[in-house]
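Here is the structure we will look at.
No lab work stands behind these numbers, since they all come straight from the coordinates. Everything numeric here is computed off the predicted structure, so don't read it as measured data. Backbone-built Cβ (ideal geometry, glycine too); neighbour counts: all protein chains shown.
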Amino acid sequence: MTVKIYLASRSPRRGELLRQIGVDFEVLPSDIDESVRPGEAPEHYVLRLAREKAEACMQRLQQDGRPLMPILAADTTVCADGEILGKPESDAEAHAMLRRMADRWHSVHTGVALAWNGQVEVLISSTQVEMAPLSDEEIAAYIATGEPHDKAGSYGIQGLAGAFIRRIEGSFTGVMGLPVYETAQLLKKAGLNVL
Ligand SMILES: Cc1cn([C@H]2C[C@H](O)[C@@H](COP(=O)(O)OP(=O)(O)OP(=O)(O)O)O2)c(=O)[nH]c1=O
């Protein structure tokens with residue numbers, strides 16, 4: 001069966017991963033305030049944002065009178081020492097983030113939300129990632145490729161950074177931005193089987 005949904009995301013990676021599990025979709029991005037609340041845990045933050053992205057998209061659909069279909073949204077964040085590392089605002093910030101994560105483990109959390117039939121269901125995927133030691137020259141060369149700028153934690157495991165990720169414990173697709181296992185579980189719960 002072909003499943004058709006809205007994807008409330010501008011991330012090309014999320015579209016690519018949805019296609020991987022055979023889901024047909026229309027992109028309908030939503031703009032929400034992504035600020036972290038004081039004292040908010042990263043797991044809470046990604047689940048709240050995924051839910052808010054799906055809800056904002058739902059409101060837009062209703063306003064525009066578009067056909068109703070399930071809405072999928074996600075949010076990814078990188079976390080080191082309990083601190084949330086978002087997208088870098090400058091090369092210097094990207095450098096500092098990568099320097100901090102080199103030669104150690106950090107966590108990546110992705111919240112996924114599916115809005116359908118007046119309900120929003122959410123799931124989280126959390127992964128531990130070990131980055132190799134990196135020299136300042138290697139970090140600078142990586143930043144010069146432009147890959148870090150639109151990515152949480154300043155790296156993309158699916159690109160060049162794959163060359164300095166030693167191990168992961170968890171979900172590769174979760175680190176990339178859309179954990180396909182949890183996504184399929186949410187779709188199944190809504191009666192939409194990908195298989
Ligand atoms: C850690 C990591 C993050 N990322 C990306 C995934 C997300 O696109 C981005 C995290 O930012 P998000 O705020 O989760 O998503 P987004 O702003 O790109 O897209 P939208 O809100 O419209 O859905 O970082 C990778 O592509 N690879 C990685 O290894």
Principal-axis tilt of helix 42-64 within the chain, Cα atoms, nearest 10 degrees: 40 degrees
What ranking do 89-96, 122-129 get when scored by the average of other Cβ atoms within 10 Å per residue, highest first? 122-129, 89-96
Quick check on the chain: helices-only [θ] at 222 nm, where DSSP H runs of length 4 and up contribute -39,500 (n - 2.57) each and the sum goes over total residues. Nearest 500, please. -10500 deg cm²/dmol
Net charge around Arg51, counting only other residues with Cβ within less than 11 Å of its Cβ (Lys, Arg = +1; Asp, Glu = -1)? -2
Using Cα pairs under 8 angstrom and six or more residues apart, how large is the relative contact order of the chain, in percent? 23 percent
What are the ³J(HN,Hα) couplings of region 98-114, residue after residue, when phi is run through the Karplus curve with 6.51, -1.76, 1.60 and θ = phi - 60°? Round to Hz, x for glycine and proline. 5, 4, 5, 8, 4, 6, 6, 8, 9, 10, 10, 10, 10, x, 10, 10, 10
Mind giving me the nanometre distance, one decimal, between the label points for Glu169 and Ala92, set 7 Å out from Cα along Cα→Cβ? 3.6 nm
Relative to the present Cα-Cα distance, how much length would full extension add between Leu160 and Tyr181 at 0.36 nm per residue of separation? 5.1 nm
If the label point sits 7 Å along Cα→Cβ of Ala80, residues of region 145-159 with amide N under 12 Å come out as 153-155
Using the per-residue mean of other Cβ atoms lying within 10 Å as a proxy for protection, in what order, highest first, do the peptides 32-43, 130-141 fall? 130-141, 32-43
How many angstrom separate the Cα center of region 136-189 from the Cα center of region 91-116? 8 Å
Can you pull the one-decimal nm distance between simple spin-label points at Glu138 and Gln20, each 7 Å off the Cα toward Cβ? 2.4 nm
